[in-house]
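Working notes, structure below.
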There are 2 protein chains.
Amino acid sequence: MGLIVQKYGGTSVGSAERIRAVAERVLAANRQGHKVVVVVSAMGDTTDTLISLARQVTNDPDEREMDLLLSTGEIISCTLLAMALRSLGQEAVSFTGAQAGIRTDGIHSRARIVAIDPARIIRELKRDRVAIVAGFQGVTDEHDITTLGRGGSDTTAVALAARLDAETCEIYTDVDGVFTADPRLVPEARKLDRISYDEMLELAQQGAKVMHPRAVELGAVHEIPIVVRSSFNDRQGTLICGGEGMEASNKVRGIAHDVDIAKITVIGVPDEPGAAATVFEPLAEAHISVDTIVQNASLDGTTDLSFTVSEGDLAKAVRLVEPVAARVRARGVANATGLAKVSIVGTGIQHAPGYAARMFRALAGEGINIDIITTSEIRITCLVAREHLPAAVGALHRAFELERAEKQAITSS
Amino acid sequence: MGLIVQKYGGTSVGSAERIRAVAERVLAANRQGHKVVVVVSAMGDTTDTLISLARQVTNDPDEREMDLLLSTGEIISCTLLAMALRSLGQEAVSFTGAQAGIRTDGIHSRARIVAIDPARIIRELKRDRVAIVAGFQGVTDEHDITTLGRGGSDTTAVALAARLDAETCEIYTDVDGVFTADPRLVPEARKLDRISYDEMLELAQQGAKVMHPRAVELGAVHEIPIVVRSSFNDRQGTLICGGEGMEASNKVRGIAHDVDIAKITVIGVPDEPGAAATVFEPLAEAHISVDTIVQNASLDGTTDLSFTVSEGDLAKAVRLVEPVAARVRARGVANATGLAKVSIVGTGIQHAPGYAARMFRALAGEGINIDIITTSEIRITCLVAREHLPAAVGALHRAFELERAEKQAITSS
């Protein structure tokens, strides 16, 4: 049997007791004959505690210092897991991101992995040891410590799986897998047995929290089978993998939603080349992530340009956009909060007739007004008022009959 | 003005508020024109919290993992201090021991510094930045993280001061300096304005907690002037430096005591070459630090060999000594706890008449029985029952008139 990478999230290693339970699980995989590399997040709310400590010292903590500070959270949990494994008689060695050879660029707080030098990990695996790696962190060529930003530990795990040519990457979390919708909003939501990278990527980008889109994308590029499952039970989980067989299903696979949405509209932008670029360049320079962008066709020589950002970025984004809006001679800048995004995701749905109409009809049936509509190959997204979100997700789950098992689609794949 | 190294202990950086106060102090030194390198300990009881976390996971934590775990404590405090300095407008960069180039051997939990590569620190100092280094830690040639054991952060500070050719090394703590005796036992105890390396070394070795002997020794070898002072006020502190001028004073400079003492006696050791070596070799292999050793002249062809260890090491030491005692045909092994050690320290006292007699008379005057006596060039130590310790220290302080200012000795130095 080959090598597997297991990643355990913050709640999975949230206490000494949980860490011992994780050690048993790692040991079981090892006893089955696998070489095991484990990636761990910081315990429970360690990261929040460290952030609050920094805020007590200054309200504008330096990003380089913040990265080094936060990196200690994952180091703590990985050393504890190594100790727990050793106390079970299994040799294990923990590594910081730097020791594990995770090399990144120098963009603090959201670094990208540029290379992995796995020599030390491979050496320890050959000695029949379990290698435990602190997730979420890496090191620059100047030996500065960086963190990878949101979804960082998932990214560490999938990147290591790719570099080490792992059989599979297991993402252990506190839910049983990927669901057709958030079970807290839709009690009938059903766990999916498998899902394609593309569908998972859309679900993740549109707000499904179970995995970060970055890590899914990395898995897709390197064709690493990813299993999302719970560390609290032995249920099967959801396999994320190549989806040729599923493409034929032409079905809605899941519903994603996101409430961390604010909308900015630049009103009356003259219909000239370069106007949109001028608006978005300062946002890119400030590393503000812009989500949905919509611009309708121009009728009177001007157009309205709308886009969404996370609520935390709204004030800064408005501050950056107002001067450039004046520069391109737009009429003004408006913004709105209290919104939510709801999406249906499924391979092939854009090319199949009726999905969009059925979605809009289901929302209308609940008396929900649609603010903005955008689509991709495999997704349709509507922006609605946040108060309507639970009704919207429930209505769509029923309209596309997601509570029904997909026997046919799965056997055909 | 040149470079100074400042070291702040755990209580000095025990809270966000304290860290901001330390930042002001560092800034003041910087504004005076000094290049400043700061070494910090872990905040308050962070290290104890981490140790207890490890003990919740396993009662036999691996030393390599423990070192990596504990190293996070100092990293946290040094990033927070860097943030605090930056928020005051002073550029500052924090470094782990590894990043600061502190290279050690591979003896986990009590590593020795073998070299310091200060290139990165020097680069940052040239850019007018304050360099902040996590104390107590280093890195091996295999990139494993080590800790330096007790007194580790003091050792980091003095070693950096030596390597960087600093003007002085300031050790900031929660007391005003080095006292003639522990002020909690002797209210009349007086702060010393200066003391020689040798005297400080004896005081530290005999139990004075204000500085670890390792760091004092390193300062003596490299002739780094060390100032011990409080980070909670602006009082002058105690200068530890070369003491030629003081040698003439022939006076008792201070009284040290230690209560972490257990005694082992190997009874009836045959007076043969190699017997003592056989007894101590297994203790050395187990890294058990043996303190006082006394063996009296042999009268009947056998002798009793006594030595002291810390109480925490007693059980293990007895376990190791019993079989070798049998091997050298000793009659038996006895051990005792409930002891304390009290020492008078002063350059030249062994060669000056009357000091020993005055010490023994002072103890006898309090009805205190002396268990063991040992001496060095500049020290006389007595082992007494622990219950008599406060009376012993007080009586000696009075007998050698330590409450009196030493104007003469200081002006002559």
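Bear in mind these aren't lab numbers, they're just calculated from the coordinates by the rules spelled out. Since the structure is predicted, the reported quantities are computational estimates derived from the model, not experimental observations. Cβ: placed from backbone, ideal geometry, glycine included. Neighbour counts: every protein chain shown.
Tell me whether chain A comes out rounded, prolate or oblate; compute the Cα gyration tensor, take square roots of the eigenvalues as a ≥ b ≥ c, and use a/c under 1.5 as the rounded threshold.
Details: a/c = 2.13, a/b = 1.36, b/c = 1.56.
Because a/c hits 1.5 or more and a/b fails to exceed b/c, chain A counts as oblate.
Cβ crowding within 10 Å ranks B:LYS251, B:LYS7 as B:LYS251, B:LYS7, fewest other Cβ atoms first.
Quick check: from the Cα gyration tensor, does the range A:262-335 come out rounded (a/c under 1.5), prolate or oblate?
On the way: a/c = 1.83, a/b = 1.59, b/c = 1.15.
Prolate, since a/c reaches 1.5 and a/b exceeds b/c.
For the range B:92-173, the spread of Cα coordinates along the three principal axes comes to 35, 28, 19 Å, biggest extent given first. One residue of chain B places its C-beta nearer than any other to the axis carrying B onto A; that residue and its whole-Å distance are B:THR72, 2.
Which of rounded, prolate or oblate describes the protein assembly as shown when judged by the alpha-carbon gyration tensor and an a/c cut-off of 1.5?
Verdict is prolate for the protein assembly as shown.
Footprinting exposure proxy ranking of B:MET200, A:MET66, fewest other C-beta atoms within 10 angstrom first, gives A:MET66, B:MET200. log₁₀ I(q)/I(0) of the range B:3-174 at q = 0.12, 0.13 Å⁻¹, via Debye over equal Cα point scatterers, no solvent, to two decimals? Normalising to I(0) and taking log10 leaves -0.48, -0.57. Roughly speaking, what is the centre-to-centre gap between the range B:1-16 and the range B:44-121 when only Cα atoms are used, to the nearest Å? Cα centres, the range B:1-16 to the range B:44-121: 15 Å.
Estimated purely from DSSP H runs of n ≥ 4, each contributing -39500 (n - 2.57), the mean residue ellipticity at 222 nm for the protein assembly as shown is -11000 deg cm²/dmol once divided by its residues.
Sequentially through the range B:82-97, phi angles give Karplus couplings (6.51, -1.76, 1.60; θ = phi - 60°) of 4, 4, 4, 5, 4, 5, 8, x, 9, 4, 8, 9, 9, 9, 5, x Hz, Gly and Pro residues having no value and appearing as x. From least to most packed, judged by other beta carbons within 10 angstrom and beginning with the fewest, B:SER153, A:SER230, B:SER52 follow the order B:SER52, A:SER230, B:SER153. Highest mobility in the GNM of chain B, judged by mean-square fluctuation with C-alpha springs under 10 Å and restricted to B:GLY177, B:GLY14, B:GLY268, is found for B:GLY268. For the range A:155-163, the Karplus equation 6.51 cos²θ - 1.76 cosθ + 1.60, evaluated at θ = phi - 60°, returns couplings of 5, 4, 5, 5, 5, 5, 4, 5, 5 Hz by residue, with Gly and Pro reported as x.
Distances between equivalent label points of A:PRO183 across the copies, with each point positioned 7 Å along Cα→Cβ, amount to 6.2 nm, shortest listed first. Largest GNM mean-square fluctuation across A:PRO118, A:PRO225, A:PRO273, computed for chain A with C-alpha springs under 10 Å, falls on A:PRO273. Can you return the aspartates and glutamates within cross-link range of B:LYS251? Criterion is Cα-Cα under 17 Å, with same-chain partners fewer than 8 residues away left out. Partners found: B:ASP193, B:ASP198, B:GLU199, B:GLU202, B:GLU377, B:GLU401, B:GLU403, B:GLU406.
For a straight C-alpha distance cut-off of 25 angstrom, the lysines reachable from B:LYS126 (same-chain residues fewer than eight places away being disregarded) are B:LYS7, B:LYS35.
I need the fraction of alpha carbon pairs in the range B:214-319 separated by more than 18 Å, rounded to a whole percent. Could the numbers behind the result be given before it?
Values: 3744 of 5565 pairs.
Of the Cα pairs, 67 percent sit more than 18 Å apart.
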